[in-house]
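Beneath this line is the structure, given in structure tokens, with notes to follow.
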Amino acid sequence: MTPTIDTRDKGMLDGLLVVDFSQFLAGPLAGLKLADMGARVIKVERPEVGDLCRYLYLTDVEVHGANTLFHAINRNKQSYSANLKDAEDLERVKALCAKADVIIQNFRPGIMKKLGLDYDQVKAINPKVVYASISGYGEEGDWQNLPGQDLLAQARSGLLWLSGNAEDTPTAMGLAVADQLAGNIAVQGILAGLINSARNGQGVHVQTSLLEALVDFQFEVLTTHLNDEKKRLPQRSEVNNAHAYLSAPYGVYQTKDGFIAIAMTPVDKLGAFISCDALLAFDNEKQWFEQRDEIKTILADHLKTQTTSYWMEIFVAHDVWASEVLDWPQLFKSTSFKNLDFFQDLDLGEGHSMKAIRSPIRINGDVLKSSRPAPSIGEHNAEINREFNLMEV
């Protein structure tokens, strides 16, 4: 059994107080990552309404009335409900912010300033605070007040022209990649800010956006484009495209009974390994890009003649960079995945539980887990009021 650290009381960030005003995914994900490393994360929500993500469902999946999406992003946190437009509630929240190590918010630019809780206003009462802001497109410019939603950010970033084949329409990634990248980038900035605060007693304002996260995500191909004198745009392969800037055989291929992904491999050597004489003529690296669709077509037709296991036996024997394409059940059955001990159970109370993914980080070989589910709205008000003397504010 893999050794486990209960992040509720033994994490590396134990004793760190995070006040999280964010909603939906990017900001709450940043809070989740900190919570999984041991920080105490207090989620500030509107009374009765709460984070709007509570009502955003992935398909129709519920577990004992619980929103699986909300639990996935907000497990291992506490909830404090407050009406930030009410003077007394606002003063209590400010008092909480005065004691925070980290603050996270992802409102549209200007909202926190109107509430009296932007970086400059919080810094005045808490000079050491690390304040993280996540926006859609930055806090200046024509796009600053547009909806910072994942698909819309993908659309504006150029990312949609990299997936799919050449004849396909712009193709989005099938995940909330902008939100998740921005949340993780914010955590990088927060951790660096905490080191800075510890060293010199000065807080910092960490800022990022969905757009910046997606542009950074494309840094390899954008660097190529920016230094291309002809300023050529990415050209997706017509056949089995997997990377617009890489030559054949890079792609996913159908076999007699499944699919195989093949990465960077000399085409002529690959032809020899799989007894495909037509590929032996492509012995020049320039051909692998200039004639990649022709090469991929030949390879695709050849791989359909045998099963995935047949080809994988050859590829493994010759150290070819290839992998069978697995679905989730196949992945979960693999010994390698089981050894990662990636699942954990959230305790929903009254004998009910929910499966969730643990933090992907290991510390000295130990995995980080916590059975604490996402909180109900204002679940911890009494505890937090008492602990921080907020009712006396």
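Is it the case that some residue within the range 176-195 is without any contact (Cβ under 8 Å) to a residue 60 or more places away in the chain and part of a loop (DSSP other than H, G, I, E, B)? It would help to see each step written out before you state the result.
As a first pass, look at the range 176-195 and keep what is without any contact (Cβ under 8 Å) to a residue 60 or more places away in the chain: 177, 181, 185, 188-189, 191-192, 195.
The next check asks that each one be part of a loop (DSSP other than H, G, I, E, B); those that pass are none.
Scanning the range 176-195, I find no residue that is without any contact (Cβ under 8 Å) to a residue 60 or more places away in the chain and part of a loop (DSSP other than H, G, I, E, B), so the answer is no.
Looking only at the range 301-338, filter to residues that are of a type in the set (Gly, Ala, Ser) and closer than 15 Å to Thr265 by Cα; which one of those is surrounded by the most Cβ atoms within 10 Å (Cβ to Cβ)? Full working, then the answer.
To start, the set of residues in the range 301-338 that are of a type in the set (Gly, Ala, Ser) comprises 309, 317, 322-323, 334, 336.
Keeping just the survivors that are closer than 15 Å to Thr265 by Cα gives 317, 322-323.
On the way: Ala317: 9, Ala322: 20, Ser323: 16.
Only one residue tops the list, namely Ala322.
What are the residues in the range 243-291 that are acidic (Asp, Glu) and either part of a helix (DSSP H, G or I) or touching a Gly at 6+ places or on another chain (Cβ under 6 Å) (or both), if any?
Step one: of the range 243-291, the residues acidic (Asp, Glu) are 257, 268, 277, 283, 285, 290.
Within the range 243-291, Asp268, Asp277, Glu285, Glu290 meet the criteria.
Inside the range 332-350, can you point out the residues that are without any contact (Cβ under 8 Å) to a residue 24 or more places away in the chain and of a type in the set (S, T, N, Q)?
Ser334, Thr335, Ser336, listed by residue number.
Those residues that are within 13 Å of Ala72 (Cβ to Cβ) and either part of a loop (DSSP other than H, G, I, E, B) or not assigned by TED's automatic domain parsing to the domain that holds Gln180 (or both), I need them from the range 345-367; list them, please.
Of the range 345-367, the ones within 13 Å of Ala72 (Cβ to Cβ) are 346, 354-359.
Within the range 345-367, Arg358, Ser359 meet the criteria.
Are there any pairs, at least 6 apart or on different chains, whose C-beta atoms fall under 6 Å, with the first in the range 40-52 and aliphatic (A, V, I, L, M) and the second surrounded by 23 or more Cβ atoms within 10 Å (Cβ to Cβ) and part of a loop (DSSP other than H, G, I, E, B), and if so, which?
Note: pairs meeting the criteria are Val41/Lys77; Val44/Phe21.
Give me the pairs, please: first residue somewhere in the range 148-175 and within 24 Å of Glu238 (Cβ to Cβ), second residue anywhere and of a type in the set (Asp, Glu), beta-carbon distance under 7 Å, and either six or more positions apart or on two chains.
Correct list of pairs: Asn165/Glu238; Ala166/Glu238; Glu167/Glu238.
Being surrounded by fewer than 20 Cβ atoms within 10 Å (Cβ to Cβ), part of a helix (DSSP H, G or I) and touching a residue at least 40 places away in the same chain (Cβ under 8 Å) is the filter here; which residues of the range 197-210 pass it?
The answer is Ser197, and nothing else.
From Val177, Val122, Val129, grab the single residue that is out of contact with any strand residue (DSSP E or B) (no Cβ under 7 Å at 6 or more places or on another chain) and surrounded by 14 or more Cβ atoms within 10 Å (Cβ to Cβ).
After ruling out the rest, the residue left standing is Val177.
Out of Ala272, Ala263, Ala281, Ala244, which single residue is closer than 18 Å to Glu167 by Cβ and of a type in the set (A, V, I, L, M, F, W, C)?
On the way: Ala272 fails: closer than 18 Å to Glu167 by Cβ; Ala263 fails: closer than 18 Å to Glu167 by Cβ; Ala281 fails: closer than 18 Å to Glu167 by Cβ.
One residue alone meets the criteria, Ala244.
Out of the range 114-147, which residues are in contact with a Leu (Cβ under 6 Å, 6 or more places away or on another chain) and without any contact (Cβ under 8 Å) to a residue 40 or more places away in the chain?
Just the residues of the range 114-147 that are in contact with a Leu (Cβ under 6 Å, 6 or more places away or on another chain), to begin with: 115, 130, 136-137.
If the condition is that a residue be in contact with a Leu (Cβ under 6 Å, 6 or more places away or on another chain) and without any contact (Cβ under 8 Å) to a residue 40 or more places away in the chain, then Leu115 is the only one that fits.
Given the options Leu58, Leu69, Leu13, name the one that is of a type in the set (A, V, I, L, M), more than 17 Å from Gly189 (Cα to Cα) and assigned to a loop (DSSP other than H, G, I, E, B). Spell out the reasoning first.
Working: Leu69 fails: assigned to a loop (DSSP other than H, G, I, E, B); Leu13 fails: more than 17 Å from Gly189 (Cα to Cα).
Result of the check over Leu58, Leu69, Leu13: Leu58.
Inspect all residues belonging to the range 39-50 and state whether any of them is within 30 Å of Gly174 (Cα to Cα) and not in a strand (DSSP E or B).
The answer is yes; a qualifying residue exists.
Kindly list, by first and then second residue, each pair from a residue in the range 296-322 that is in contact (Cβ under 8 Å) with a residue 40 or more places away in the chain to a residue that is in a helix (DSSP H, G or I), limited to pairs with Cβ atoms under 6 Å and residues at least 6 apart or on different chains.
From the range 296-322, the pairs are Ile314/Phe273; His318/Phe273; Ala322/Phe315.
Of the conditions (1) over 25 Å from the mean Cα position of the chain (by Cα); (2) farther than 30 Å from Tyr119 by Cα, Met173 clears all except one; give me its number.
All conditions pass for Met173, except number (1).
Suppose we keep only residues that are in contact with a helix residue (DSSP H, G or I) (Cβ under 6 Å, 6 or more places away or on another chain) and not in a loop (DSSP other than H, G, I, E, B) within the range 16-31. Which one would you say is farthest from Ile384 (Cα to Cα)?
Going residue by residue through the range 16-31, those that are in contact with a helix residue (DSSP H, G or I) (Cβ under 6 Å, 6 or more places away or on another chain) are 18-20, 22-26, 28-30.
Narrowing further to those that are not in a loop (DSSP other than H, G, I, E, B): 18-20, 26, 28-30.
Details: Val18: 13, Val19: 12, Asp20: 14, Ala26: 25, Pro28: 19, Leu29: 22, Ala30: 21 Å.
Filtering first and then ranking leaves Ala26.
I'm told Asn389 meets every condition in (1) within 30 Å of Glu88 (Cβ to Cβ); (2) surrounded by 18 or more Cβ atoms within 10 Å (Cβ to Cβ); (3) more than 19 Å from the chain's Cα centre (by Cα); (4) not acidic (Asp, Glu) except one. Can you identify the failing condition by its number?
(2) is the only condition that Asn389 fails.
What number of residues within the range 211-233 satisfy the criterion of being touching a residue at least 24 places away in the same chain (Cβ under 8 Å) and part of a loop (DSSP other than H, G, I, E, B)?
Residues flagged as touching a residue at least 24 places away in the same chain (Cβ under 8 Å) and part of a loop (DSSP other than H, G, I, E, B) within the range 211-233 amount to 2.
Which one is nearest to His71 (Cα to Cα) among residues in the range 351-366 that are surrounded by fewer than 15 Cβ atoms within 10 Å (Cβ to Cβ) and without any contact (Cβ under 8 Å) to a residue 40 or more places away in the chain?
Lys355
Return yes when Asp293 is acidic (Asp, Glu), assigned by TED's automatic domain parsing to the domain that holds Lys94 and either on the phi < 0 side of the Ramachandran plot or under 24 Å from the mean Cα position of the chain (by Cα) (or both) and no when it is not. Quick ask: steps written out before the conclusion?
Values: acidic (Asp, Glu): yes; assigned by TED's automatic domain parsing to the domain that holds Lys94: no; either on the phi < 0 side of the Ramachandran plot or under 24 Å from the mean Cα position of the chain (by Cα) (or both): yes.
No.
The values are calculated or read from the model by the stated rules, or taken from the named source; none is laboratory data. Please read all numbers here as calculations on a predicted model, not as lab measurements. Backbone-built Cβ (ideal geometry, glycine too); neighbour counts: all protein chains shown.
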